[in-house]
Amino acid sequence: MTGRWLELAGGVFARRYAELDLTVGLVVGAERALVIDTRGDGTQGAELARAVREVTALPLAVAITHGHFDHCFGTAGLLAEAGAGGGRTPVYAHHGCAGWLRDNIEPQRSHWVGYYRKRGDKESAAALAEAEVLLPDTPVEYEAEVDLGGRVATLLHPGRGHTDHDLAVHLPDCGVVFAGDLVEEGAPPAFEDADPLRWPDALDALLTLRPERVVPGHGEPVSAGFVAGQRAELITLAELCRGVLAGELAKSDVEAISPYPLSTTQMALSRI
Ligand SMILES: [Zn+2]
């Protein structure tokens, strides 16, 4: 079995994958369904489409949480397999996402094809090497409401954090927030494209929504308390980074007392 659906509230699903411990989402309204993230290549996107079609035949909209390949290289495969369902399928993302993605398709592709080849996973390497990457076509500046019929999904940019173009999805009717990689369960947050100083504020913005369940981009759905705990760690790290910027701390001091493993901390320090 490739993936498994978890129903978090009526018509609100997270789908979990062993591959990269990825988590995507599906929200079903009365007239339209919203898919949140599309997996990492055309084959994976098509698998997600078939799984979505087992849940709903409604026309789709897609929201991309950010431009990392595992969250959005599956869009073309998803749309081709799912069909339009009676109209154009809008692909929402933060307005900075399409440009960032355009510049980062090939660097991500070559890095991760290398990763899969090194693991001996030729199928994933080949699927990623050939993936047609569809750019999001419906930009969100700060916030947008998507009417799904009987329920509204709010797409919002909570500020710079995991990337400079993170987009979260809030369902006020059931208190679920899909946070993309702003929240990570089961592994430390990833800083490759992050803003370590501002990330805590982005989590503040999510916690202000008073969510009951938060769906991370990787790992199991979590509580607001978990997000507050991650925020506290990120505040500690941000304060340590500020100490380095002020000349009060050496990077080696930060590495010794950071709440995160060495490689994570070094990546964060490289971003300040
Ligand atoms: Zn990411």
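Tell me the helices (runs of 4 or more DSSP H) entirely within segment 39-114 that contain at least 2 residues that are within 14 Å of the ligand (Cβ to nearest atom) and in contact (Cβ under 8 Å) with a residue 12 or more places away in the chain.
It comes to 69-72.
Restricting attention to segment 152-184, report how many residues are within 14 Å of the chain's Cα centre (by Cα) and of a type in the set (S, T, N, Q).
Of the residues in segment 152-184, 1 are within 14 Å of the chain's Cα centre (by Cα) and of a type in the set (S, T, N, Q).
Which residue out of Ala187, Ala168 is closer than 16 Å to Val35 by Cβ, within 16 Å of the ligand (Cβ to nearest atom) and not aromatic (Phe, Trp, Tyr)?
Ala168
Kindly evaluate Val215 against the criterion of being away from the ligand (no atom under 16 Å from the Cβ), surrounded by 18 or more Cβ atoms within 10 Å (Cβ to Cβ), part of a strand (DSSP E or B) and at negative phi.
It is false that Val215 is away from the ligand (no atom under 16 Å from the Cβ), surrounded by 18 or more Cβ atoms within 10 Å (Cβ to Cβ), part of a strand (DSSP E or B) and at negative phi.
For Glu145, work out the one condition from (1) touching a residue at least 60 places away in the same chain (Cβ under 8 Å); (2) charged (D, E, K, R); (3) surrounded by fewer than 19 Cβ atoms within 10 Å (Cβ to Cβ); (4) in a strand (DSSP E or B) it doesn't fulfil.
Answer for Glu145: the failing condition is (1).
Just for segment 149-162: of the residues that are part of a loop (DSSP other than H, G, I, E, B) and either surrounded by fewer than 24 Cβ atoms within 10 Å (Cβ to Cβ) or free of Cβ contacts under 8 Å to residues at least 12 places away in the same chain (or both), which one is nearest to the ligand (Cβ to nearest atom)?
It comes out as Arg160.
FYI, it's all coordinate maths here, none of it is from the lab. Here the structure is a predicted model, which is why all the values come from computation and not from measurement. Every residue, glycine as well, gets a Cβ built from its backbone with ideal geometry; the counts of neighbours run over all protein chains shown.
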